[in-house]
Amino acid sequence: MTNPSIIITGANGFIGESLVNYFFAKGWLVKALVHSMPISKISGVEYILYNLEEKPNEKIFESVNYLVHGAYLKFEKNKNSDSINIKGTKYLIDLCRKNNIKPLFLSSFSGHKDAESHYGKTKLESEKLFDLSKDVILKPGFVIGK
């Protein structure tokens with residue numbers, strides 16, 4: 001049996017980087033989608049430049065089992081970030097469906113109907129794109145690390 005494979009978007013982020021390390025250490029084939037190449041890379045992890053504003057290369061999704069979507073463009077960096085995040089998430093879901101990949105979306109406890117921040121509103125709108133009968137959404141409330 002071959003090792004399971006996973007794509008992680010936002011792989012340079014706090015949670016994303018930890019997931020890359022975790023799955024690689026477990027023997028998984030890891031494709032790390034990053035906005036900029038990390039200074040230090042894990043030998044054996046495939047790092048791929050990725051931008052939520054563009055459709056990703058479909059070949060990246062061939063022969064992959066899982067996707068963890070943690071990439072997020074902040075409103076402070078781009079005033080169109082809300083629509084970019086939602087559209088980018090839709091692209092990823094479509095590619096998961098096309099390639100029979102099981103997606104997991106890293107949302108936030110901030111994503112709720114009374115959210116006031118762009119972050120919370122966008123996370124909630126992105127959640128609505130997923131089908132909870134077959135997809136997974138995680139809503140961490142507070143993440144502690146280094």
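Under 6 Å between Cβ atoms, at least 6 apart or on separate chains: pull out the pairs that start in the range 126-146 with a residue that is at pLDDT 95 or above and charged (D, E, K, R) and end on any residue that is open to solvent by less than 60 Å² (accessible area, probe 1.4 Å) and assigned to a strand (DSSP E or B).
Filtered contacts from the range 126-146: 127/137; 135/103.
If I filter the range 11-27 for residues that are assigned to a loop (DSSP other than H, G, I, E, B), under 24 Å from residue 138 (Cα atoms), out of contact with any Lys or Arg (no Cβ under 8 Å at 6 or more places or on another chain) and free of Cβ contacts under 8 Å to residues at least 24 places away in the same chain, do I get at least one hit? Working first, answer last.
As a first pass, look at the range 11-27 and keep what is assigned to a loop (DSSP other than H, G, I, E, B): 11-13, 26-27.
After this cut, where a residue has to be under 24 Å from residue 138 (Cα atoms) as well, the list is 11-13, 26-27.
If we keep only those that are out of contact with any Lys or Arg (no Cβ under 8 Å at 6 or more places or on another chain) as well, we get 11-13, 26-27.
Okay, now just the ones that are also free of Cβ contacts under 8 Å to residues at least 24 places away in the same chain, so 26.
Looking through the range 11-27, at least one residue is assigned to a loop (DSSP other than H, G, I, E, B), under 24 Å from residue 138 (Cα atoms), out of contact with any Lys or Arg (no Cβ under 8 Å at 6 or more places or on another chain) and free of Cβ contacts under 8 Å to residues at least 24 places away in the same chain.
Residue by residue through the range 4-45, note down the ones that are among the charged types (D, E, K, R) and surrounded by fewer than 18 Cβ atoms within 10 Å (Cβ to Cβ).
Here is the first cut: in the range 4-45, the residues among the charged types (D, E, K, R) are 17, 26, 31, 41.
Across the range 4-45, the qualifying residues are 26, 41.
The values are calculated or read from the model by the stated rules, or taken from the named source; none is laboratory data. Just so we're clear, the structure is a prediction, and the values are computed from it rather than from any experiment. Here Cβ is always computed from backbone atoms with ideal geometry, including for glycine, and neighbour counts include all displayed protein chains. Ligands, DNA and RNA are stripped out before the accessible areas are found, and what is left, the full protein with its side chains, is counted by its heavy atoms. Shrake-Rupley method; radii C 1.70, N 1.55, O 1.52, S 1.80 Å.
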